[in-house]
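Any read-out appearing in this document is the output of simple, stated calculations on the displayed coordinates, not a laboratory observation. Everything numeric in this text was worked out from a predicted model, so none of it was measured. Methodologically, a virtual Cβ is constructed for each residue, glycine included, from the backbone with ideal geometry; neighbour enumeration extends over all protein chains shown.
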Amino acid sequence: MPEDCIFCKIINKEIPSEILYEDDLCMIFPDINPVAKTHLLIIPKKHIATIANLAPEDEKLIGHMVGKARDIAKERNIDGYQLLYRVGKGGGQEVFHIHLHLTSDQG
Ligand code: 5GP
Ligand code: ZN
């Protein structure tokens, strides 16, 4: 784990966050600076900097994260939402540990 990775610190509970869901592969918590009524982040426990660095063996992890985003939205009766991966500085990515944004005006 890179020592300066904020999301690895959240995974290791060195930085507090409201963990809404956790399994062996991923974690879900609210974005600290929400841009919508619901704004959650789904992150893999494995440190991968960006989708651009994704190895073929990690592609199934992305499907797992999308499935968990679907599940938490359904649990919250959110039936319309956006899912976003920003990729690279040019794509607006600021935290270089893959994360899936789930945003919605519902919830
Ligand atoms: P990016 O621009 O990389 O796609 O998004 C990074 C997101 O992480 C931003 O929406 C930002 O608000 C969120 N974020 C940054 N630091 C923290 C933190 O320490 N805790 C939480 N919960 N969210 C964070
Ligand atoms: Zn990390």
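Here are a few things to note about the model shown:
- Within the option set 78, 72, 19, 43, being surrounded by 12 or more Cβ atoms within 10 Å (Cβ to Cβ) and either in a strand (DSSP E or B) or within 14 Å of ligand 2 (Cβ to nearest atom) (or both) holds for one residue only, 43.
- Pair list, Cβ under 8 Å, 6 or more apart: region 1-23 residue within 19 Å of residue 48 (Cβ to Cβ), other residue more than 8 Å from ligand 1 (Cβ to nearest atom) and of a type in the set (S, T, N, Q): 1/12
- Residue in region 82-96 that is touching a residue at least 40 places away in the same chain (Cβ under 8 Å), outside any helix (DSSP H, G or I), surrounded by fewer than 16 Cβ atoms within 10 Å (Cβ to Cβ) and near ligand 1 (Cβ under 8 Å from one of its atoms) present: yes
- Residue 29 out of contact with any helix residue (DSSP H, G or I) (no Cβ under 8 Å at 6 or more places or on another chain), buried (at least 18 other Cβ atoms within 10 Å of the Cβ) and under 21 Å from residue 2 (Cβ atoms): no
- Output for region 6-18, where each listed residue is more than 10 Å from ligand 1 (Cβ to nearest atom) and within 14 Å of the chain's Cα centre (by Cα): 8, 11
- The single residue among 41, 54 that is within 11 Å of ligand 1 (Cβ to nearest atom) and aliphatic (A, V, I, L, M) turns out to be 41.
- You will find that of 32, 28, 10, 51, the residue that is in contact with a strand residue (DSSP E or B) (Cβ under 6 Å, 6 or more places away or on another chain) and β-branched (Val, Ile, Thr) is 28 and no other.
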